[in-house]
Structures are given as structure tokens and as C-alpha cells.
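Report on one structure; see the data block that follows.
The numbers here are math on the coordinates, done by the rules we state, and not lab data. In this text, all values refer to a predicted model and were calculated from it rather than measured experimentally. Cβ sites come from the backbone with ideal geometry, for glycine too, and all protein chains shown count toward neighbours.
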Amino acid sequence: MTHDCSNTISFDMRYPFDARGVAKRFRHAAIFGALDSLNAGETMRFLNDHDPLPLLAQLQQRYGDNIEISYVSREPGQIALDFKRV
């Protein structure tokens with residue numbers, strides 16, 4: 001039996017990423033790695049404890065028009081964004 005990590009297993013092509021469980025020193029690297037692994041049309045639902053404004057600027061700089069960013073929730077302590085690869 002072979003394993004192919006590139007197979008999409010989410011029917012709505014949305015994958016959760018809860019940054020609150022990742023050590024702060026590894027967060028940005030983990031986020032970039034997760035986004036780099038998305039195929040066009042797939043979305044990462046990003047959860048965080050604070051509004052990641054510096055990260056959003058980095059994402060725009062790195063991905064430009066190849067990523068769509070939209071807020072799902074801006075409740076204090078419960079930030080949720082969708083990062084969609086275009």
C-alpha cells in the first residue's frame with residue numbers, strides 16, 4: 001500500500017490549522033509550510049489567539065495574488081481566517 005500526501009481528503013477543500021497549539025518560535029515556519037502544501041483552490045482555516053497582522057503582511061509579500069485572505073471570526077482570543085490558494 002502506498003501513501004500520497006498530496007491527495008485531498010477534505011470534501012470542501014478546507015483544512016484546519018490551529019496555531020494556538022504550535023510553539024511560537026515555530027509558528028510562521030509551520031504556517032508557510034502548510035500554505036506551500038495547498039493546491040490551487042484549497043483553503044486553510046487558520047485559528048489563532050490574536051489578530052496576526054504582521055503575519056498577514058508577510059503572506060501578502062510572499063504569495064501576492066496567489067492567496068486570498070478572509071476573516072471568519074475576529075472575536076478576542078478566537079481569531080479565524082481562511083487562507084485560500086488561488
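Helix 27-37 and the longest principal axis of the C-alpha atoms of the chain enclose an angle of approximately 30°. The 3J(HN,Hα) values that the Karplus relation (6.51, -1.76, 1.60; θ = phi - 60°) gives for region 53-59 are, in residue order, 4, x, 4, 4, 5, 5, 5 Hz. Gly and Pro appear as x. In this label model, residue 50 and residue 71 are separated by 1.7 nm, measuring between points 7 Å along each Cα→Cβ vector.
The slack between residue 28 and residue 78, meaning 0.36 nm per residue of separation minus the straight C-alpha distance, is 16.2 nm.
Taking the Cα atoms of the chain, the ratio Rg/Rh between the radius of gyration and the Kirkwood radius comes to 0.97.
Database remark: amide H of residue 42 closer than 5 angstrom to the amide H of 85 (H placed geometrically; neighbours at sequence offset of 5 or more, or on other chains; Pro and chain starts carry no H). Using the rule -39500 (n - 2.57) for each DSSP H run of four or more residues, divided by the residues of the chain, the 222 nm mean residue ellipticity is -7500 deg cm²/dmol.
Taken one residue at a time, the phi angles of region 69-75 give Karplus couplings (6.51, -1.76, 1.60, θ = phi - 60°) of 10, 9, 6, 9, 8, 10, 5 Hz. Gly and Pro are set to x.
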